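Have a look at the structure below before the remarks.
The values are calculated or read from the model by the stated rules, or taken from the named source; none is laboratory data. Here the structure is a predicted model, which means the values were calculated and not measured. As a convention, Cβ positions derive from the backbone with ideal geometry for all residues, glycine included, and neighbour counts pool all protein chains shown. Side chains included, ligands, DNA and RNA excluded: accessible areas come from the protein's heavy atoms. Shrake-Rupley method; radii C 1.70, N 1.55, O 1.52, S 1.80 Å.
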Amino acid sequence: MGGIKHAVYVRLLGGLGNQLFQYAMGRALADARQVELVLDPRFILRKGCISGLAIDEFAIRARYLTDTEAAHFKEPIWKLSRALRRQINPWLGYYHETVHSFDTAALAQSLEVMLSGFWQSERYFSNYGHQLRTDLVLKSRMPSAAVKLATQMASSPSVAMHVRRGDYLTDPKALVKHGVTSAHYYQTALQLMIKKLGNFDLYVFSDDPDWVRANIQHPKIIFVSDFGFSAEQDLWLISACQHQIIANSSFSWWGAYLNDYDSKIIVAPQPWFDAKHMAQQDIIPADWNTLAKS
């Protein structure tokens, strides 16, 4: 196989949240098969995706593609096989996700095939949640301001609210596919949290804090976005809160998932996607609360 090893090969695509799904799916499969996990970062490095190769900030158990392996998994072939994925799959070393739901066929591919997709379902790694939480810790020390915030979050009832608007509004394709979570969704989610928790501190993570200030009221709001932390540091802080109100974003999905507070309450928007053709039955775990997105 010309330098190709018996390993699980996974292509990285998209921002930090997507990279975490791809890592988690590959890591669970590699552990089940007792082989190493090899990640292909070329798309991220070439496209300069939203958060860059942010998964590299975590203590992951994986290595990146060698030059020999990259020569085997050729980029033009990836593009061609992706275009043909609904007719021929796998093809010339690549297997592509074709539906946005749990795909059992992906788990049955040979060890010499590169898995290319988003794999946005806990079902891929439900038996490896504890190990993933051990893996997905940051390698670098957190800033003192972030450590102070995390201490506050742990010491009294705390809710993280993630509001993503930015590219979901400015990119027409993203808007049609994802849509945006409304003020009504967040207001209703807050009322649910008040009913269940009583008083709590609200920690806001958003790319549009002015919109939040204009639309969300709460007795004590801390705008974590104002601190200017990195994406991976924000995600760590979301997970440090006891409870989460998330956007239809894989980024805040992981902030909620990595929260290890025993009695956590998570609220997620439904539908996850606005696009009717996008399957979404496997994205939100069964024990999370859902509220209408609009």
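Quick one: would you say A256 is in contact with a Lys or Arg (Cβ under 9 Å, 6 or more places away or on another chain), in a helix (DSSP H, G or I) and small (G, A, S)?
Yes, satisfied.
If I ask for residues that are among the acidic types (D, E) and under 14 Å from D234 (Cα atoms), which ones from the stretch 107-163 would you list?
Listed by number, the list is empty, since nothing qualifies.
Is it the case that the stretch 134-146 has a residue that's over 19 Å from the mean Cα position of the chain (by Cα) and under 24 Å from T290 (Cα atoms)? Give the steps one after another, and end with the answer.
Pass one, the stretch 134-146, residues over 19 Å from the mean Cα position of the chain (by Cα): 140-146.
In the following step, the residues that additionally are under 24 Å from T290 (Cα atoms) were identified as none.
No - not one qualifying residue is present in the stretch 134-146.
Just to verify a result, which residue in the stretch 138-161, among those that are part of a loop (DSSP other than H, G, I, E, B) and in contact with a helix residue (DSSP H, G or I) (Cβ under 9 Å, 6 or more places away or on another chain), is surrounded by the fewest Cβ atoms within 10 Å (Cβ to Cβ)? So that I can check it myself, show each step before the final result.
So in the stretch 138-161, the residues part of a loop (DSSP other than H, G, I, E, B) come out as 139-143, 156-157.
Restricting the remaining residues to those that are in contact with a helix residue (DSSP H, G or I) (Cβ under 9 Å, 6 or more places away or on another chain) gives 139-143, 157.
On the way: K139: 10, S140: 10, R141: 8, M142: 18, P143: 14, P157: 16.
Residue satisfying both the conditions and the ranking: R141.
Determine, yes or no, whether R133 is over 19 Å from L13 (Cβ atoms), among the basic types (K, R) and open to solvent by 70 Å² or more (accessible area, probe 1.4 Å).
Judged against the criteria, R133 is a match.
Check Y186, Y168, Y203 and return the single one that is of a type in the set (F, W, Y) and modelled with pLDDT under 95.
Going through Y186, Y168, Y203 in turn, just one is of a type in the set (F, W, Y) and modelled with pLDDT under 95: Y168.
Spot the failing condition for D260; the list is (1) in contact with a helix residue (DSSP H, G or I) (Cβ under 8 Å, 6 or more places away or on another chain); (2) within 16 Å of Y203 (Cα to Cα); (3) open to solvent by 30 Å² or more (accessible area, probe 1.4 Å); (4) not hydrophobic (A, V, I, L, M, F, W, C), and only one is missed.
The number of the failed condition is (2).
Tally the residues that are free of Cβ contacts under 8 Å to residues at least 24 places away in the same chain and in a helix (DSSP H, G or I), restricting the search to the stretch 210-238.
5
Considering only residues of the stretch 263-281 that are open to solvent by 30 Å² or more (accessible area, probe 1.4 Å) and of a type outside the set (G, A, S), which is farthest from S182 (Cα to Cα)?
Looking at the filtered set, the residue picked out is K264.
Which members of the stretch 283-294 meet the condition of being in a loop (DSSP other than H, G, I, E, B), open to solvent by 30 Å² or more (accessible area, probe 1.4 Å) and in contact (Cβ under 8 Å) with a residue 40 or more places away in the chain?
S294
Determine, yes or no, whether I283 is farther than 25 Å from D135 by Cβ and of a type outside the set (D, E).
No.
Pairs needed: first member in the stretch 121-137, in contact (Cβ under 8 Å) with a residue 40 or more places away in the chain and at negative phi; second member anywhere, among the basic types (K, R) and part of a loop (DSSP other than H, G, I, E, B); C-beta distance under 6 Å; at least 6 residues apart or different chains.
D135/R61
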